[in-house]
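The values are calculated or read from the model by the stated rules, or taken from the named source; none is laboratory data. All values reported here derive from a predicted model rather than from experimental measurement. All Cβ positions, glycine included, derive from the backbone under ideal geometry; neighbour counts span all protein chains shown. The protein model used for the area step is the full one, side chains on, heavy atoms only, and it has no ligands, DNA or RNA in it. Shrake-Rupley method; radii C 1.70, N 1.55, O 1.52, S 1.80 Å.
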Amino acid sequence: MKTRATITFKRKDHARFGGAFLATALLSLVALVLLWRELRVRVIGVAPGGLPAAGETALILGLVILGSWLAGRLIRRIALPPITGQLLFGLIVGPELWKWLDHPEFALIGPLQLSSLDGAASLAVVMIGLVAGAEIDAKFLREKLKAVIALAAGQVILVTIGVGIVSYLLLGSFAYAMIVATVAATCSSAVSVALLREMRHPTDFARLLLATTVAKDLFLVVAFSVVLFLVAATTLSTYQPWYWIVLHLAGSIAVGCALAWPMRLALARIERNMTAVVLLTAICLAILCRTIGIAPLITAITLGYTARNLAPIATASFFATARRLFLAVCCVFFAVAGAHLDLAALVANWGIVFAISGTRLAGIWIGATLAARVARLSPIATRWVWAGFVPQAGISLALAAQILVEFPNQRWAVGLTTIVVACITLNEIVGPVLMRIALRRVPSDGL
Amino acid sequence: MTNSLLWLALGLIALIVANRWTERFRRRFPITNVFGGGWALLALGVIVGPHCTAVLDGDRLLHLQPILLVLLTWSGVIVGLQCQSALIRAIPPVLWRWITIDLVASVVLSVVVGGALARIWQPDSPLAAHILLTGTLTALALGWNPESRSLGVRTDAQSMRLDVLVQSGAGALAICSIAIATISLQCVQQDQNGIVGFAPYGGMLALGVEFCAVAVVAFAAYGILRDSREDDARTTLIVIGALFLLSGVAVTLGGSGILTGMLFGAMIGFGRRRLRGLEHLMSSAEPIVASGCFFFAGITLALPMGATSLAGVVTIVAIALMLAIARRVLKPLIMIIALSPERESVALDSPVARAPIRQAPLTIVVLLAFAVEDSSGLADQLLTIAVLISLLSTLSTFVVMPSRSVTA
């Protein structure tokens, strides 16, 4: 079978504007922001701190949306996924790279400005969750349930065992090894759904990767909470009772399911202003999750899945609008993720990071390939399925941040989080490239 | 507080869901047009704003300000997109005459009223404040509400022609209104202590930078969106990104996003090929943008009635009443004088002839943009005056001359 003939990604725009146009537009954008920064300080005499916060946030949001989209389009011309371009753009304009190079003044987005984008990033998480949930078809899930379970179980077992052993040898603690191994088993629903949406006609293989990623991450959120509970029980005098962990996940799923009914009823009565409805729903969900302390991504995925499968006709317009806004959402989410990439930690711990990431890659490869054989996927899908589980992003970073929340003021927790974030950084850069290769190699009927 | 925000967001969704029933109600009782739509959201804004229940206050309001800036810039783009060469060429001489007379009369009246008001109302204010006040009053006086359906419909040729003239004139004068108000705002700088000063050179330099920024963004956006389809994800992304960028550039340089938005829209509008995807996106979002602006205007209104003392309240109400009465008298007069050469071809006795009495809703948006920049409280008071004039002038068209809907 000629796999080259199965490219299903959108290519229609290549003839309209070339690489030179995109590069000029991107450079002009950066030059505009640089000029604006110099002008406000030297000519108008306004110090960076004295500016209206809203204006500055708006400008940075504009830079992030347009710049990361242009960078994504540009990098697509050299056969890399747009997400990589968006991450790289965030890295270049963000503070971490320049802090590492000892020139923090060169960063277009400073740490304070980056924190002002947190609200937009939280909204992006909810939107990604809604679209990811809506992409999973209940009928498809029933048909492929065996493959989903096999792929998820195969990877989780091999990655946790492999990474657990390597981490124990490198870090010298069973507790630390358990934490690192559990985070290493997670993937990125955001990257999966972004690459799936990039395709003109999402294939069954892409849907299988997304469904497996979501199922695996749901399980690992619980597992990670249990691991943290066990570690806290052995190292701290105060820790959260175990039922809170169950309530956290069960609550997220229950709220997501429960909201699907009112959403269906409301959407049946709405004909216009769908953009406003989608944005307000995302805002409501983000606020609700923060208020009652449930996971926004899980709640949004559950809501998207339940609503879409409960009332496909009534919610069609809603999810079509959400997909239309998804491109802008992804640009903000991945550029902000890129700006947060901790290069200093990656370089400082490169030995440990490469050892753990290499083991993770091997675990995913062996686990996914064996599972694919058990599930009787096609030879081409069996050969490439592992590459779809390498990316890590939002949920992995959220779990890493949870370590510091659970163990505040603990020196070991800071060190461990640095290593975990450095591993995620590496997988965040390499993962989308591998996943896109897999999606391009497996034909639309190749499952 | 977070719970209150949740209820607010749910309330807004409920308003959208209930839109179907409210529209039916409005169709049955035309007078409710006065209080429906934007006015309901303005009232909601007042209720949740810092002066009433304070659901949106302090930091939360600051977090929402980028959205307000984008809404203001979006309004500017909607106005600017009217600057299409074909549309400008199609303006008849009689409309040019009407636009010129209205512009001259409004400027002259605003200079006189602005000078008098500055001496009586704000006697200690510097020259810069006088210029700003005059510019703002001109923006308030210029143009009218383009909406004519709520006044009653007549389908005879003369009424239809008048309707076209009313709508086109409102669009053209909206451009003048934005230009005058934002250029006067740009030429006035406020220092760290809140003291305003007249800085025309700095203002012009900032305007020049804004113009260059708009040109670069418009050129790139035009190049990317030339062949976009309606409801394209890429169109949405480019528009949202460009609006955020231009709002940020304008506001941080002491200007207003409405002007940069208008320039952006005009540059796109003058392009050889029409960007149907962008036009569709802009027009479909128009009700949301208008509602959002009214909501924020409600939050920004300085209550009680824009002043703390009773004398201040009386002054503001008196100014609003005076300007509304002036509008009620002068606007029909200007219309009759301007359209006198074509008296035969337009129906000056049709309900549409009352449209120029009503103040353009865009003035509230212009004043809102001024309020974003101003920390002295003057803009909030002027916004209160604008809202009062809008309300009074709209009411006067219904109360003084009852609606007569005639369908030929």
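Structure above, values below:
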{"read-out": "When residues of region B:50-83 are limited to those that are open to solvent by 30 Å² or more (accessible area, probe 1.4 Å) and more than 14 Å from every other protein chain (Cβ to nearest Cβ), the one nearest to B:Arg273 (Cα to Cα)", "value": "B:Gln82"}
{"read-out": "Hey, A:Arg373 within 14 Å of chain B (Cβ to nearest Cβ) and basic (Lys, Arg) or not", "value": "no"}
{"read-out": "Any hit, region A:100-119, residues being under 17 Å from the mean Cα position of the chain (by Cα), more than 27 Å from A:Ile437 (Cβ to Cβ) and open to solvent by less than 20 Å² (accessible area, probe 1.4 Å)", "value": "yes"}
{"read-out": "Residues of region A:407-427 that turn out to be open to solvent by less than 10 Å² (accessible area, probe 1.4 Å) and not in a helix (DSSP H, G or I), as a count", "value": "1"}
{"read-out": "Test result for A:Ile179, closer than 30 Å to A:Ile366 by Cβ and under 24 Å from the mean Cα position of the chain (by Cα)", "value": "yes"}
{"read-out": "Number of the exception - A:Gly172 against (1) open to solvent by 10 Å² or more (accessible area, probe 1.4 Å); (2) touching a helix residue (DSSP H, G or I) at 6+ places or on another chain (Cβ under 9 Å); (3) under 23 Å from A:Ile403 (Cβ atoms); (4) not hydrophobic (A, V, I, L, M, F, W, C)", "value": "(2)"}
{"read-out": "Residues of region B:170-199 classified as more than 11 Å from chain A (Cβ to nearest Cβ), touching a Cys at 6+ places or on another chain (Cβ under 8 Å) and at pLDDT below 75, total", "value": "1"}
{"read-out": "Condition check for A:Phe354: open to solvent by 40 Å² or more (accessible area, probe 1.4 Å), modelled with pLDDT of 90 or more and assigned by TED's automatic domain parsing to the domain that holds A:Ala177", "value": "yes"}
{"read-out": "Search result, residues across region B:158-174 that are open to solvent by 40 Å² or more (accessible area, probe 1.4 Å), more than 20 Å from B:Leu81 (Cβ to Cβ) and in contact (Cβ under 8 Å) with a residue 40 or more places away in the chain", "value": "B:Gln158, B:Arg161"}
{"read-out": "Residues (more than 7 Å from chain B (Cβ to nearest Cβ) and either closer than 14 Å to A:Val329 by Cβ or open to solvent by 10 Å² or more (accessible area, probe 1.4 Å) (or both)) located in region A:57-69", "value": "A:Val64, A:Ser68"}
{"read-out": "Residue identified as under 19 Å from the mean Cα position of the chain (by Cα), closer than 23 Å to A:Ser192 by Cα, more than 9 Å from chain B (Cβ to nearest Cβ) and open to solvent by 20 Å² or more (accessible area, probe 1.4 Å) among A:Pro296, A:Pro312", "value": "A:Pro296"}
{"read-out": "Some residue of region A:388-406 being modelled with pLDDT of 85 or more, open to solvent by less than 50 Å² (accessible area, probe 1.4 Å) and closer than 25 Å to A:Gly110 by Cα", "value": "yes"}
{"read-out": "Test: residue in region B:111-128 that is among the charged types (D, E, K, R) and under 20 Å from B:Ala290 (Cα atoms)", "value": "no"}
{"read-out": "Every residue from region A:193-211 that is at pLDDT 85 or above and over 15 Å from the mean Cα position of the chain (by Cα)", "value": "A:Thr203, A:Asp204, A:Phe205, A:Ala206, A:Arg207, A:Leu208"}
{"read-out": "Only listed residue being assigned by TED's automatic domain parsing to the domain that holds A:Cys257 and either aromatic (Phe, Trp, Tyr) or within 30 Å of A:Arg376 (Cα to Cα) (or both), chosen from A:Ala211, A:Ala175, A:Ala232", "value": "A:Ala211"}
{"read-out": "In region B:206-222, residue farthest from A:Gly62 (Cα to Cα) [restricted to those that are facing chain A (nearest Cβ under 7 Å) and open to solvent by 10 Å² or more (accessible area, probe 1.4 Å)]", "value": "B:Val209"}
{"read-out": "Sole residue being over 27 Å from B:Pro50 (Cβ atoms), modelled with pLDDT of 85 or more and either more than 10 Å from chain A (Cβ to nearest Cβ) or open to solvent by less than 10 Å² (accessible area, probe 1.4 Å) (or both), chosen from B:Leu225, B:Leu275, B:Leu237", "value": "B:Leu237"}
{"read-out": "Unique residue being closer than 26 Å to B:Gly38 by Cβ, among the β-branched types (Val, Ile, Thr) and within 14 Å of chain A (Cβ to nearest Cβ) when the list is B:Ile299, B:Ile316, B:Ile334", "value": "B:Ile299"}
